[in-house]
Amino acid sequence: MAASSSTSTTGNAEVSQTDNGLIDSEKTIREIIQQPLLLENDDPLIEFSEALETVVKTLRRVTEAKASAQAEAAEWKRKYELERARNLQLEQKGGRCSELNVEKGREPTEQTMFSDENRMQCELGGGEEGICSHLVLKNDGPDIESYAAQNKVMGKASFKLSWYCKGEKSDSHKHDIVSFEKGNITTAERSSKQICLTWESPPQTVLVATKPNSAPVRKACLEMVRWLKEHKNLNVFVEPRIKAELLEESSYYSFVQTWRDEDMPLLHTKVDLVLTLGGDGTVLWTASMFKGPVPPIVPFSLGSLGFMTTFNLSSVLVGPVNIMLRHRLQCHIIRRDAAKSEGPILVLNEVTIDRGVSPFLTYLKCYWDGTFVTDVQGDGLILSTTSGSTAYSVAAGGSMVHPQVPGILFTPICPHSLSFRPLMLPENVSVRVVVPVGSRSSAWVSFDGKGRKELAPGDAIVCSMSRCPVPIASQSDPTSDFLRSIKSLLKWNLRETQLSDGPRH
Ligand SMILES: NC(=O)c1ccc[n+]([C@@H]2O[C@H](COP(=O)([O-])OP(=O)(O)OC[C@H]3O[C@@H](n4cnc5c(N)ncnc54)[C@H](O)[C@@H]3O)[C@@H](O)[C@H]2O)c1
Ligand SMILES: Nc1ncnc2c1ncn2[C@@H]1O[C@H](COP(=O)(O)OP(=O)(O)OP(=O)(O)O)[C@@H](O)[C@H]1O
């Protein structure tokens, strides 16, 4: 039935002209039926009268059904507006957290989700400190089925997510990771993490670091320093050892600058760019010179492997340059009797706690965020970054992990246990490794394979992710670099392809 465009309102229900027409038709038919002219024995007229009676009944049913549907629609509209007004009111109150307010002893099942008056009720608990808020809807009325569908849309429980860091509330980073707008939980976009460095002003000061005791590296260094000065007019910094080597070669290199030990904490404020000539060890060494922020490093591969030394071309002075942020672990040593800790010591690959020269089992107790986790009884333990996962950790049975995955690898070295598998922890965990007071021997700790220190019984080392990563220039994207490294350098999964001319299964 087509609806008329003009309407008149009766109470809550809106009655259209079509409905008025139906009512008029019914009246007319009734009048005809009740005509006194109709005789009792006039059969065709009686039949006609009965037929008209049926039409009257049908018309009445249609009119009633329509009115009822319109009344229901108006009621839903009213409820919707009521609900909306309540929600707006809540939002204006600052989205205060409220606790779930379910009637005591009554589960919020479909049957109990509406009130007796078929009225949606939004009951909000008063808990100021709660971390969630929910709508509770009740209905014991007859139209449960038709309301249930609406409930799914209108009665969706609202909630809030809160972030805690080591037991303390912290919302500072929430929208970087998870959004919960309108009750839909989504994570931040993860399509690309490629970082590109574009110089806003040209670099002016360059630090050159080289592998020692290598004639080709020494030659490359002389040429590079000269080129940087003559072609780019850049300030050049080198380590004191290299400065001595350069001056040994020629007094021409007297323009080259160096630093004293006490200046090192401020080195990053003077240097725009670091160039390394050597292998992975040279990158590790150079990164270790910076205890805080590290300037971008461009590694020139002159080593034997070159996991981090994938860069070969030097258009970096113009840019843009692809950058890979490699995370570091920062470590503090806590001596049994000392009031102050030693450190921080930053590592790009790993911290290794091992038995050193001792022929005995290393005995270590491990804690994550202060909770005891396990003992290590074996040759030792490696706490590795994902960049370091392809170094010592993989040799000890750890998995190789893409360096963009944030985390800490927990890899035992030759554990004297059949079930001690390596595992990986999230980046935010703080790991404490203690040499128990009752241990028969000391343990030894090393940082990227260097700076060996003894840990006596009662001493501990605490490691967590540093906020200062090492930005390293890369030739292509991080995934291609990683795959190229593990395939060409570690020969990952190299196998001849099976011939096709064999038995068919
Ligand atoms: N059994 C082992 O595999 C083992 C033992 C001791 C140390 N190491 C590794 O050596 C590193 C120190 O390197 P170095 O050059 O100063 O010492 P190094 O001269 O002894 O060289 C160690 C080798 O490890 C490679 N390497 C370093 N970092 C790597 C990485 N992230 N991925 C893949 N290979 C990597 C180097 O290219 C080099 O070939 C330590 O951080 C440790 O990871 C490995
Ligand atoms: N500037 C530096 N001062 C002191 N030691 C350094 C310096 N650069 C590198 N080293 C050390 O020299 C050793 C060898 O360096 P590197 O690893 O770069 O060369 P490689 O062994 O030939 O290459 P790769 O590591 O790729 O096999 C490493 O142990 C490293 O710590």
In nm, the gap between the two label points placed 7 Å beyond Cα toward Cβ at Leu88 and Ser417 is 6.1
Using a 10 Å cut-off around each Cβ, can you sort Ser179, Ser442 from fewest to most neighbouring Cβ atoms? Ser179, Ser442
The stretch 408-505: GluC sites (Glu not before Pro) falling in loop per DSSP and having at most 12 other Cβ within 10 Å: Glu496
Assign one of three labels to the stretch 291-412, namely rounded, prolate or oblate, based on the Cα gyration tensor with a ≥ b ≥ c the square roots of its eigenvalues; rounded applies when a/c is under 1.5, prolate when it is not and a/b is larger than b/c, and oblate otherwise. prolate
Which whole-Hz ³J(HN,Hα) couplings does the stretch 51-59 yield from phi under the Karplus relation 6.51 cos²θ - 1.76 cosθ + 1.60, θ = phi - 60°, glycine and proline marked x? 4, 4, 4, 5, 4, 4, 4, 4, 4
Please work out how much length the chain gains when fully extended from Ser162 to Thr198, using 0.36 nm per residue of separation minus the C-alpha to C-alpha distance, in nm with one decimal. 9.3 nm
Gyration tensor (alpha-carbon) shape descriptor, the stretch 329-468, a/c threshold 1.5: oblate
Checked against a 24 Å limit on the C-alpha separation, the offending pairs among Lys243/Lys340; Lys169/Lys365; Lys79/Lys156; Lys270/Lys450; Lys365/Lys491 are Lys243/Lys340; Lys169/Lys365; Lys270/Lys450; Lys365/Lys491
Just want to confirm a number: the relative contact order over the stretch 438-505, from Cα pairs under 8 angstrom separated by 6+ residues, in percent. 16
Cα gyration tensor, the stretch 203-326 - rounded (a/c under 1.5), prolate or oblate: rounded
Cβ-based exposure ranking for Arg326, Arg260, in which fewest neighbours within 10 Å come first: Arg260, Arg326
Only loop residues by DSSP count here, and only those with at most 14 other Cβ atoms within 10 Å; note down the trypsin sites (Lys or Arg not before Pro) in the stretch 466-498 that meet that. Arg467, Lys491, Arg495
Report relative contact order for the stretch 203-326 in percent, whole number only (criteria: Cα-Cα under 8 Å, sequence separation at least 6). 26
Among the trypsin sites (Lys or Arg not before Pro) within the stretch 327-388, which fall in a DSSP loop and have no more than 15 other Cβ atoms within 10 Å of their own Cβ? Arg335, Arg336, Lys340
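Values in this text are rule-based calculations from the coordinates and carry no lab data. This one's a predicted model, so the numbers in the text were calculated from it and none came from an experiment. Heads up, the Cβs are rebuilt from the backbone with ideal geometry, glycines too, and the neighbour counts pull from every protein chain shown.
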